[in-house]
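> Below is one structure. I have some questions about it.
The values are calculated or read from the model by the stated rules, or taken from the named source; none is laboratory data. Keep in mind that this is a model prediction, so the values were computed, not measured. Glycine gets a Cβ as well: all are built from the backbone with ideal geometry, and neighbour counts include every protein chain shown. These area figures cover heavy atoms from the full protein model, side chains too; ligands, DNA and RNA do not enter into them. Shrake-Rupley method; radii C 1.70, N 1.55, O 1.52, S 1.80 Å.
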Amino acid sequence: MKKNNLTLNKIKISEIFEMRFFCFIALITLSIASNTVYASTDPYPKNPKIDMLNYIFDITLSDASDEINFLVTIDFRALDAGVEKIRLDLVNVSEKLENKGMTVKDVKSENESLKFLHEKDELWIYLNEPLLKNERKKFTISYSGIPSEGLHIGENKYGERTFFSDNWPNRGRHWLATVDHPYDKAKCEFVVTAPNHYQVVSNGLKIEETNLDKNQKRTHWKQSVPIASWLYVLGVAEFAVQYVDEFEGKSIQTWVFKQDREAGFYDFAVPTKKALEFYSDYVGPFSYEKLANIQSNSVSGGMEAASAILYSANSVKGDRNTRWRNVVIHEIAHQWFGNAVTEYDWDDIWLSEGFATYFTLLFIEHYYGKETFTEGLISSKKRVESFHEKNPDYIIIHDNLKNMKDVTSSQTYQKGSWVLHMLRGVLGTEIFWKGIRSYYSKFKDLNATTEDFRQVMEEVSGLNLNPFFQQWLYKPGTLELDGQWFYDKQNKELVLEINQIQKGGGLIQMPIEIGIDSPNQTKIVKIQLKDKQGIYKIKIDQKPLKIILDPNLWVLMNSNFELPYQSKK
């Protein structure tokens, strides 16, 4: 979901999608009201007394109409006693949506009808008696309608009818009755009855495909690992399907429009397996049952749905170009960060996008070399600076995000990526990877916050990282330096005057490398920036020929650093 040159408060949902695929918090305080908790400042209600365990979406599709019939079975557990009603997200039919949306027919539990209220895009289900703590319950919801968003129904570039999900970030509620929020992860199943000329792909494993008669086919996919609702995926089209390879016994697949069979099979054959191997080796085990790369008709770039990644209809070129290769790497990185470890709240979206962006670069560093990695860092730096010039007060961590069109920006991608790179520089590569593995192991298939990540990295490193996280994630901007240096011949010292001149006046405390190029040697010394106007002295036998701040590109910064005169003594 990625796009260039975004301007804050002017980001369209379609632009967010494109940006998310080409760029590479605090916990909400909850106040209890009845059986549903609403955070006073959080516009996205949570259900803290309910844990959704599994959704079965039984869906009937037709070529004669865009109307879809649903029978949704939901298995859930009460986390506390006294639960009497359940809240789900499901968009109503409305004139605003040109009479599109969903109409609920009935709700049942164990063949007993339940009362419900469906209004303002919320479905309230009233249980016949309060639940006990840890009691499990199932109910089924029958509804139908034409989705205005969330499921894209229309012709692909070859004029053929297709159905493709488009759930990110909170559009699944336009067609799926769920708790449509990243904090409540659940398993899912898609049981799709459709005209039998279609192939159907979804999360997890295909456990049934049956021709019901000469006209209809039933396809059942089952995702056995809990995931956030925006990662649920459905693709229905006339596909060409290739079972490319296996990774640790799990199928690697390609699904493309039948007309793109040759080019699509060629493009998606690489680098999927290498990426799976890299992230599995360096981060932790791959969480899902398969990995399918799917050409789709609903996204502009890529969409990292768990185990079944959607790519733009134009992603197939037949030339394995670098642009789309990097999109594939990015979306596979998301299978670890965003999918397996999911942000608890949209405020922490950088835990998904910043991580996927940086881990794309780490794969590139490993397979394509340090120079290409560095080019990626420099490109990201330029985007961070350009965005900051237009949005000087923007910070990576959202403060109770009010409008989902603002969920991502260059900063959640590129600056988030740079935060991880700088953290690696502070900790050292070995400790950084140890922390990443620990973080993934602890929160795999769960949710995490920025504070969770910080605490894990502190445990592994033994350092207090709060100042680092505060200045780079909770404050705007980058490091801006100017200054001068001279060589004190009498004391054999290099004297550096370094001033922090970033707008806003805040102090950034950071270790930074100083490259010293002398007639007989070149060496790197690390100093700790700790003052707005600092004097730093380094013992050295000869007058340097050249001084370079941050020669190895570990700090998100710009500098104007000069040699004012030959010598002061």
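> Would you mind stating whether residue 512 is hydrophobic (A, V, I, L, M, F, W, C) and either open to solvent by less than 80 Å² (accessible area, probe 1.4 Å) or under 30 Å from the mean Cα position of the chain (by Cα) (or both)?
Here the answer is yes, as residue 512 does meet what is asked.
> May I pose another question? Which one of these does residue 330 not meet: (1) at pLDDT 95 or above; (2) closer than 23 Å to residue 476 by Cβ; (3) open to solvent by less than 10 Å² (accessible area, probe 1.4 Å)?
So residue 330 meets the others, but not (2).
> Quick one: in region 212-233, of everything that is closer than 27 Å to residue 448 by Cβ and of a type in the set (A, V, I, L, M), which residue is surrounded by the most Cβ atoms within 10 Å (Cβ to Cβ)?
Of everything passing the filter in region 212-233, 233 is surrounded by the most Cβ atoms within 10 Å (Cβ to Cβ).
> Another question, if that's okay. Exactly one of (1) among the β-branched types (Val, Ile, Thr); (2) surrounded by fewer than 16 Cβ atoms within 10 Å (Cβ to Cβ); (3) at pLDDT below 95 is unmet by residue 535. Its number?
(3)
> Consider residue 501 against the criteria (1) open to solvent by 60 Å² or more (accessible area, probe 1.4 Å); (2) hydrophobic (A, V, I, L, M, F, W, C); (3) more than 22 Å from residue 378 (Cα to Cα): it satisfies all of them except one. Which criterion is unmet?
(3)
> If you don't mind, there's one more thing I want to ask. What residue, among those in region 234-262 that are under 26 Å from residue 176 (Cβ atoms) and of a type in the set (A, V, I, L, M), is surrounded by the fewest Cβ atoms within 10 Å (Cβ to Cβ)?
241
> Also, I was wondering about something else. Which residues, taken from region 319-360, are part of a helix (DSSP H, G or I) and charged (D, E, K, R)?
Of the residues in region 319-360, the ones part of a helix (DSSP H, G or I) are 322-334, 346-348, 350-360.
Once the filter is applied, which keeps residues that are part of a helix (DSSP H, G or I) and charged (D, E, K, R), region 319-360 yields 323, 325, 331, 347, 348, 353.
> Select from region 299-321 the residues that are under 18 Å from the mean Cα position of the chain (by Cα) and crowded, with 24+ Cβ neighbours inside 10 Å and list them in ascending order. Can you show your working first?
Within region 299-321, the first condition is being under 18 Å from the mean Cα position of the chain (by Cα), and the residues that meet it are 299-312.
The answer is 299, 301, 302, 303, 304, 305, 306, 307, 308, 309, 310, 311.
> OK, next. Going through 525, 460 one at a time, which residue ends up being open to solvent by less than 50 Å² (accessible area, probe 1.4 Å) and not in a strand (DSSP E or B)?
Working: 525 fails: not in a strand (DSSP E or B).
Just a single option satisfies the conditions, and that option is 460.
> As an exercise: evaluate residue 66 against (1) of a type in the set (D, E, K, R); (2) open to solvent by 40 Å² or more (accessible area, probe 1.4 Å); (3) in a strand (DSSP E or B) and give the number of the one condition it does not meet.
Result: residue 66 fails condition (3) only.
> What do you reckon, is residue 179 surrounded by 24 or more Cβ atoms within 10 Å (Cβ to Cβ) and among the aliphatic types (A, V, I, L, M)?
Working: surrounded by 24 or more Cβ atoms within 10 Å (Cβ to Cβ): yes; among the aliphatic types (A, V, I, L, M): yes.
Criteria met by residue 179.
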